[in-house]
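First the structure, in the form of structure tokens, and then the observations on it.
Here, each number is a calculation from the coordinates, and none is a lab measurement. The shown structure was predicted, so the numbers you read here are calculated from the model rather than taken from an experiment. Cβ: placed from backbone, ideal geometry, glycine included. Neighbour counts: every protein chain shown.
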Amino acid sequence: MDYKNTENWVLSRLPSYQSIGKKAYNPGLNNVVKFVSTLNLPIDRLNLIHVGGTNGKGSTSSYISSILQESDYQVGIFSSPHFFDFRERIKINNQKIRKSFIVDFVNKNKSTIEELELSFFELSFCISLAYFIHNGVDYAVIEVGLGGRLDATNIINPLISVITNISHDHTDILGNTLEMIAIEKAGIFKKKSCIIIGERNDAVDEIFIKKAKEVSSKITFVPDYNDQKQYSTVNYLNTNIKTAIYACKALNTESVNNNSIMAGISNINKNCHLIGRWSTVSENPKVIFDAAHNQAGFRIISSQLEKVSYNKLHIILSFVKGKNIKELIAELPSNSKIYYTSLNMERGMKLNELIQNVGRNIIFDNNTKRLLGVVKKDCTDKDLILITGSNFIAKNIYEK
């Protein structure tokens, strides 16, 4: 198979969680362990940083990667979801995985992949491990897919385990209490490693402390350092940046210093092409895209809106199926004008479900580009347009 056929096979034959939801989730490590064993992958050679949590995994992973790149290391990063191109999930120093490597890997291992019935995520993760080993990266940053304890990525033994924060998300899989979710997330803690926790939370801190003791690992809560420095004008990015800083410092390498840290923060877009985190899409009127998709995320962007000056606020929302829309909308400013669109994927929430959740009197267009054009015409240059509710609307926003 050539690359296009290989990519189509990966994306369609092995549908991802981002496309079909819970049906794609394959909890447990057996398949990945078997596949890695078949491949004879020496994953213990990799210096790994494992990043879990509810929100902020992607940006925290990116800042870790950027800081380490500025410290003159070759850094692999495995992240999800992708916004435009499957190869975004696997990068080394911001260079996407080579098409030829994916083609060769799939062609060589296709029968085993089918025999083990690997999920899309399991396959993507194993490709990343093979690619990082093949290229001899200095460090690899591995973002947890969903949960932690039973996530495919949890076969690794990292130097650093990071938990960004804990809030309610994927409760149908991880449990409906913060304590249950925290237990799943803490499943990534490994023996004699360093554990970095990005936020304090009275409901779950003791769970993390207890688990750290069980695995004889040092645990650090980033807020305990009381770092008052502002690295970003976006509040939640400040939190994630600080988490990334202390994760990098925990590596205890001389190459990570104040200069490389500040360069890594400043050059985040060059080093990692980070989007979807209070990202400016266009100006006049200003259009912001933020990939918030759960209640905690909506609270965070509402807090950020309090710091922003605008005349009128227009919000374009898109959701995956099954979201409690009323709960999310309740977090948004009450005087905002809200519009709805749909995602071009099986898992996207369609008009009928939106009406069931919100009511018939909504402004809806399943064509996101067209809706954005209509909203812009209704704005002045002093208005703000916020697009949020899902990672997966990015392709519709940015495509030419």
Computed on Cα atoms, the radius of gyration and Dmax of the stretch 331-400 in angstrom are 12.5, 36
Give me the aspartates and glutamates in straight-line cross-link reach of residue 323: C-alpha distance below 15 Å, same-chain residues under 8 apart excluded.
169, 172, 331, 346, 353
Signed unit charges on C-beta, dipole axis of the chain, positive-most listed residue 101, 59, 387:
387
Running Debye on the chain with equal point scatterers at the Cα sites and no solvent, what base-10 log of I(q)/I(0) appears at q = 0.09, 0.12 Å⁻¹?
-0.53, -0.98
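Take the residue pairs 307/337; 34/96; 91/369; 96/350 and return only those whose Cα atoms are more than 22 Å apart.
Working: 307/337 19 Å; 34/96 26 Å; 91/369 29 Å; 96/350 32 Å.
Flagged as over cut-off: 34/96; 91/369; 96/350.
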Cβ charges +1 (Lys, Arg) and -1 (Asp, Glu), total dipole of the stretch 36-151, debye:
200 debye
Can you return the lysines within cross-link range of residue 249? Criterion is Cα-Cα under 20 Å, with same-chain partners fewer than 8 residues away left out.
57, 190, 191, 192, 218, 229
Any idea which of 83, 130, 113 is furthest toward the positive side of the dipole for the chain, if Lys and Arg beta-carbons carry +1 and Asp and Glu beta-carbons -1?
83
Percent of alpha carbon pairs in the stretch 112-251 separated by more than 21 Å?
49 percent
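Take every DSSP beta bridge whose two residues both sit in the chain, then give the antiparallel share in percent to the nearest 5. Each step should come with its number before you reach the end.
Working: 9 of 44 bridges.
The antiparallel proportion sits near 20 percent.
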Looking only at 367, 157, 31, which one moves most when the chain is put into a Gaussian network model with springs between Cα atoms under 10 Å?
367
Proximal aspartates and glutamates to residue 382, defined as alpha-carbon separation beneath 19 angstrom and excluding residues fewer than eight positions away on the same chain:
283, 306
For the stretch 279-398, what is the relative contact order in percent, using Cα pairs closer than 8 Å and at least 6 residues apart in sequence?
42 percent
Residue by residue through the stretch 86-91, which ³J(HN,Hα) values in whole Hz follow from phi under the Karplus form 6.51 cos²θ - 1.76 cosθ + 1.60 (θ = phi - 60°), with glycine and proline marked x?
3, 5, 4, 5, 10, 9
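Any idea what the dipole of the stretch 3-272 comes to, in debye rounded to 20, about its Cα centre with Lys/Arg Cβ at +1 and Asp/Glu Cβ at -1? Spell out each step's value before the answer.
On the way: 29 positive and 26 negative charges, 89 e Å.
Computed about the Cα centre, the dipole is about 420 debye.
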Any idea which of 310, 338, 364 is furthest toward the positive side of the dipole for the stretch 279-398, if Lys and Arg beta-carbons carry +1 and Asp and Glu beta-carbons -1?
364
Using only Cα atoms, what is the ratio of the radius of gyration of the stretch 279-398 to 2.2 N^0.38 Å?
0.97
